[in-house]
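Trainee: Starting off with a structure, shown below.
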Amino acid sequence: MEVSKKLQLILDDYDIYQRTLAKQIGVCPATMCRWIRGSRFPNASHLLILAKYYPKVFSSDEVMKCISKK
């Protein structure tokens, strides 16, 4: 599953707003919006933070695969 779809899944399943998720990860809301739209991609450190907070959605193995694709 694409990162943008996983981010949308987090918003839907955890019933949180984009700005809340952005603050939790340490990015501005506009950046989060770009990630969700798929026009930008989170860097390795942000993917690891996502895996820490949402391991059911972002497993460590998947994060490593995403990082290695870049």
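Trainee: To the nearest 10 degrees, how steep is helix 3-13 against the longest Cα principal axis of the chain, on a 0 to 90 scale?
Mentor: 50
Trainee: Something else: Please report the accessible area of D15 (heavy atoms, 1.4 Å probe, ligands and nucleic acids excluded) in Å², nearest 10.
Mentor: So the heavy atoms of D15 present about 130 Å² to solvent.
Trainee: Over the chain, give the accessible area per residue in Å² for a 1.4 Å probe, as an integer. Kindly include the intermediate steps, with their values, before the conclusion.
Mentor: Details: 4730 Å² over 70 residues.
Here the per-residue accessible area is 68 Å².
Trainee: For K56 and C28, what does the FRET efficiency come to when R0 = 22 Å and r is the distance between their Cβ atoms, rounded to the nearest 0.05?
Mentor: Working: r = 26 Å, r/R0 = 1.16.
According to the calculation, E is roughly 0.30.
Trainee: So for the chain, averaging the separation of alpha carbon pairs under 8 Å that are six or more residues apart and normalising by length, what relative contact order in percent results?
Mentor: Once normalised by length, the contact order is 28 percent.
Trainee: Could I ask something else about it? Ignoring any ligand, DNA or RNA, what whole percent of the accessible area of the chain comes from carbon and sulfur when the probe is 1.4 angstrom? Provide the component values of the computation, followed by the final result.
Mentor: On the way: 2470 of 4730 Å².
Carbon with sulfur: 52 percent of the solvent-accessible area.
Trainee: Please give the helix 60-69 orientation as an angle from the longest Cα principal axis of the chain, in degrees from 0 to 90, rounded to the nearest 10.
Mentor: 80
Trainee: How much accessible surface does I10 have with a 1.4 Å probe, in Å² rounded to 10?
Mentor: For I10, the solvent-accessible surface is approximately 0 Å².
Trainee: Equivalent ellipsoid semi-axes for the chain, as square roots of 5 times the alpha carbon gyration tensor eigenvalues: give them largest first, rounded to whole Å.
Mentor: On the way: eigenvalues 57, 35, 24 Å².
Ellipsoid semi-axes (Å, largest first): 17, 13, 11.
Trainee: Could you give each residue of the stretch 35-40 its phi-based ³J(HN,Hα) in whole Hz, using Karplus coefficients 6.51, -1.76, 1.60 with θ = phi - 60°, and x for Gly or Pro?
Mentor: With the stated coefficients, the stretch 35-40 comes to 5, 5, 6, x, 7, 9 Hz.
Trainee: On the full set of protein chains, 1.4 Å probe, figure out the accessible area of M1 and give it in Å² to the nearest 10.
Mentor: 150
The values are calculated or read from the model by the stated rules, or taken from the named source; none is laboratory data. What you see is a predicted model, and the numbers here were worked out from it, not measured in a lab. Positions of Cβ are backbone-derived with ideal geometry, glycine not excepted, and every protein chain shown enters the neighbour counts. Accessible surface areas use protein heavy atoms only, side chains included; no ligands, DNA or RNA. Shrake-Rupley method; radii C 1.70, N 1.55, O 1.52, S 1.80 Å.
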